[in-house]
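Q: Below is a structure I'd like to ask you about.
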Amino acid sequence: MELPSTHKLLLNKEDGNCLFESVEQQYDHPAEENAHLLRIQLFMFYRGFNFALEYPDDSLKQRLVLAHNFGDNEDFDRKGRLLPTPHTFNVREDRHYAGVMDIIALAIMLKRPVDLYTAVGETTYALSSFTDEHTTGTPLVLAYNGRDHFEAVVPKLHADETHEMYPAVIETRNEAIWKKTTRNKATRKRSVVKGV
């Protein structure tokens, strides 16, 4: 399967925040839902979610429990060593990589379906949908490169309009991200978010 010809990838930095940036980019006013706030909301969601309960078969909550219990809650450092804290705790840290468990949790938390295109070739994708009777509205659409990066998949018209309608908002958001990542690192050069 290929990405729909009416859609395009909305690029973002490959810095561990890509899933949260990709979700943020799909709201009508991107500045209202920044990636760091979404991380904190997800962390709080995990703190309140009961992974010990049994949920209805094929529900997103059941899928979340299965993902949690079968490996998605383990995190590793850059050298491949198992971290002593679970992913549901680590996710609150800026630049901490996200995964499928987080996509399921975001669908539950935001009450929005999520369609995930996972690359299985250069231009070929496998589609997974995360939805149940509790999710409504237009799906958030994401692409995953099959290794370590998520990007938003948006209608071509929307991608162009977002940049034209909110250039000051997007620049302000990017500037805030840059300031936060360069705090106490005066030698770091400014990086520009691609595609916005």
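Q: Can you tell me how many residues in the stretch 42-92 are surrounded by fewer than 18 Cβ atoms within 10 Å (Cβ to Cβ) and aliphatic (A, V, I, L, M)?
A: Here the count works out to 6.
Q: Does the stretch 69-116 hold any residues that are basic (Lys, Arg) and over 20 Å from Thr131 (Cα atoms), and which are they? So that I can check it myself, show each step before the final result.
A: If we filter the stretch 69-116 for residues that are basic (Lys, Arg), which is where we start, we get 78-79, 81, 92, 95, 111-112.
Result: Arg78, Lys79, Arg81, Arg92, Arg95.
Q: Might you check whether a residue that is among the charged types (D, E, K, R), touching a strand residue (DSSP E or B) at 6+ places or on another chain (Cβ under 9 Å), closer than 18 Å to Val114 by Cβ and part of a helix (DSSP H, G or I) occurs anywhere in the stretch 71-92? Don't jump to the end; show me each part of the working.
A: Residues of the stretch 71-92 among the charged types (D, E, K, R): 72, 74-75, 77-79, 81, 92.
Right, trim to touching a strand residue (DSSP E or B) at 6+ places or on another chain (Cβ under 9 Å) and you get 74-75.
Next, from what is left, pick out any that are closer than 18 Å to Val114 by Cβ: none.
Checking the stretch 71-92: not a single residue is among the charged types (D, E, K, R), touching a strand residue (DSSP E or B) at 6+ places or on another chain (Cβ under 9 Å), closer than 18 Å to Val114 by Cβ and part of a helix (DSSP H, G or I).
Q: Now a separate question. Applying the selection to the stretch 1-29, what residues are surrounded by fewer than 21 Cβ atoms within 10 Å (Cβ to Cβ) and either assigned to a helix (DSSP H, G or I) or among the charged types (D, E, K, R) (or both)?
A: Hits for the stretch 1-29 are Glu2, Lys8, Lys13, Glu14, Asp15, Asp28.
This table checks each residue for (1) in contact with a helix residue (DSSP H, G or I) (Cβ under 8 Å, 6 or more places away or on another chain); (2) more than 14 Å from Asp102 (Cβ to Cβ); (3) modelled with pLDDT of 95 or more.
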| site | (1), (2), (3) |
| --- | --- |
| Met1 | no, yes, no |
| Thr6 | yes, yes, no |
| Leu9 | no, yes, no |
| Gln26 | no, yes, no |
| Tyr46 | yes, no, yes |
| Phe49 | yes, no, yes |
| Gln62 | no, yes, yes |
| Leu83 | yes, yes, no |
| Phe89 | yes, no, no |
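Q: Within the stretch 111-131, track down each residue that is crowded, with 18+ Cβ neighbours inside 10 Å and touching a residue at least 40 places away in the same chain (Cβ under 8 Å).
A: Result: Tyr117, Tyr125, Phe130.
Q: Answer with yes or no whether Arg95 is assigned to a loop (DSSP other than H, G, I, E, B), at positive phi and basic (Lys, Arg).
A: yes
The values are calculated or read from the model by the stated rules, or taken from the named source; none is laboratory data. As the structure is a prediction and not an experimental result, all values here were calculated from the model. Neighbour counts are summed over all protein chains in view; Cβ atoms, including those assigned to glycine, are modelled from backbone coordinates with ideal geometry.
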